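Student: Dumping the structure here so I can ask a few things about it.
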């Protein structure tokens, strides 16, 4: 994600953002486009995540997470409590089916990184981005 990337955040009460996981959904040059990932309603996927996680997590959209070869990319960042328990951001690639979004929702509802074990199927989507890319997301 570059410095120019726009972010569209859902409304979160002041002070509550650290108490919840953050789900960042890439919708840049490759993620979120039918040219790269056909047969997926990208806006519906984002809307479904926002609806399912309303009041549970902050869901934000970003232009590019610079992992285009793994479109669609979603990053789950732990809550403050999850981070204290050892949770770290989890990068998921090829999140291109409703089942993956449902598994993400179930995991985040259970507490997310550091507080709940992810459904085993999410291991198929997990990857490690470059250090530079990870650092830019955390800024």
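FYI, it's all coordinate maths here, none of it is from the lab. Bear in mind that the values here come from a model prediction, so they are computed numbers and not experimental data. Counting neighbours? That spans all protein chains shown, and the Cβs are built from the backbone with ideal geometry, glycine included.
Student: I'd like the FRET efficiency for residue 131 and residue 84, computed as 1/(1 + (r/R0)^6) with the beta carbon distance as r and R0 of 25 Å, rounded to 0.05.
Tutor: Efficiency, rounded to the nearest 0.05: 0.65.
Student: Still on this structure, please answer the following. Limiting things to C-alpha atoms, what are the Rg and the maximum Cα-Cα separation (Dmax) for region 19-138, in angstroms?
Tutor: So, for region 19-138, Rg and Dmax equal 13.1, 40 Å respectively.
Student: Label residue 19 and residue 124 with points 7 Å out from Cα along Cα→Cβ: what is the distance between them in nm?
Tutor: That separation, rounded to one decimal, is 3.6 nm.
Student: Put a dot 7 Å past each Cα toward the Cβ at residue 56 and residue 35; how far apart are the dots in nm?
Tutor: Each label point lies 7 Å from its Cα, and together they span 3.4 nm.
Student: Something else: Quick one: if the Förster radius is 30 Å, what FRET efficiency do residue 68 and residue 48 give, using the C-beta to C-beta distance and rounding to 0.05?
Tutor: Efficiency at R0 = 30 Å is approximately 0.85.
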